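Q: I am attaching a structure below and will ask some questions about it afterwards.
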Amino acid sequence: MDFKSSNDLEFGMAVINVLPSDGKVIDEGPVGCSVDVCNDDFRFLDVGLPPEILRLKDAGYLSQAIEACDRLLAQDPDPSLAACVRAERYRMLETPLHFSVSRDRAIAMIREEWPEFTEEQFDDLIDRKRIDWRFIDGELFVLDNFLDSLRVYPKEVPGMRPDPTDGIALRNEMLKEMESQNGLARVITLKASVSVPGALEGETVCAWLPVAAACRQQFRVEILDMTPEGECFGAYRLVVFFERALILGDLSLSHRCCLL
């Protein structure tokens, strides 16, 4: 999956599907998901989890929340609620795969580059939202690629190696402008695309591409172009869903938004 913006900033993301749970990449058609959930289930995320399951999920007790989902599904609930629960259950199964680095391990990884780094500095980075995290079954975990995100803030992590990616000069220039003006506004255009490795010609594939969510610092979200048959949905228009026979090329989406 690749992202490009109109400010000539380029963002690359390599996404590899490691389902099924044995860790093998699905690279031969027909492609699909081995978990007990289908793409149509995600259309019902707006229904929402029952409060008792939502509390467990929000508190990070994912194992208990998944067990509660299983008990509810066994009771044959309303089809729309069942679809939502299956989709949320899948998301909870996926969360530990991405937020997989414990607090102690994260500190040790930073100290490999910056030996003087302290636990207090780590907590400060968490407080200032420089490190994304989740509580999972009572323990704090961070994203497996959290080091790459930290390199965006070189002044706050001076002991770490600098970011080697392209566009660093433009990024630093923008950070300087933000500091001098106490803020910065930009209208950016993003293009996202995804390919399905191993899909057979004419095979029906399902894919999801992200859309910027409207919020206080991100607004005027406008979809400019997309591969035909895409459908934007969700309470906050977070994704575009595609389900179509694959012919040639990738599925793509372009959208624009204003950032503060």
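The values are calculated or read from the model by the stated rules, or taken from the named source; none is laboratory data. Fair warning: this is a prediction, and the values are worked out from it, not measured in the lab. Glycine gets a Cβ as well: all are built from the backbone with ideal geometry, and neighbour counts include every protein chain shown.
Q: So for segment 43-53 (the condition being under 23 Å from GLU203 (Cβ atoms) and modelled with pLDDT of 50 or more), does at least one residue qualify? Steps first, please.
A: Pass one, segment 43-53, residues under 23 Å from GLU203 (Cβ atoms): 43.
Still in the running and modelled with pLDDT of 50 or more: 43.
So far as segment 43-53 goes, yes, one or more of its residues are under 23 Å from GLU203 (Cβ atoms) and modelled with pLDDT of 50 or more.
Q: Inside segment 112-143, can you point out the residues that are surrounded by 15 or more Cβ atoms within 10 Å (Cβ to Cβ) and among the charged types (D, E, K, R)?
A: ARG130, ARG134
Q: Being surrounded by fewer than 18 Cβ atoms within 10 Å (Cβ to Cβ), at pLDDT 75 or above, in a strand (DSSP E or B) and of a type outside the set (D, E, K, R), is that true of even one residue in segment 226-242?
A: Within segment 226-242, none of the residues are surrounded by fewer than 18 Cβ atoms within 10 Å (Cβ to Cβ), at pLDDT 75 or above, in a strand (DSSP E or B) and of a type outside the set (D, E, K, R).
Q: What is the residue count in segment 166-196 for residues that are aliphatic (A, V, I, L, M) and more than 30 Å from PHE241 (Cα to Cα)?
A: The first filter runs over segment 166-196 and keeps only residues aliphatic (A, V, I, L, M), leaving 168-170, 174-175, 178, 184-185, 187-188, 190, 192, 194, 196.
From what's left, more than 30 Å from PHE241 (Cα to Cα): 168-170, 174-175, 178, 184.
The total comes to 7.
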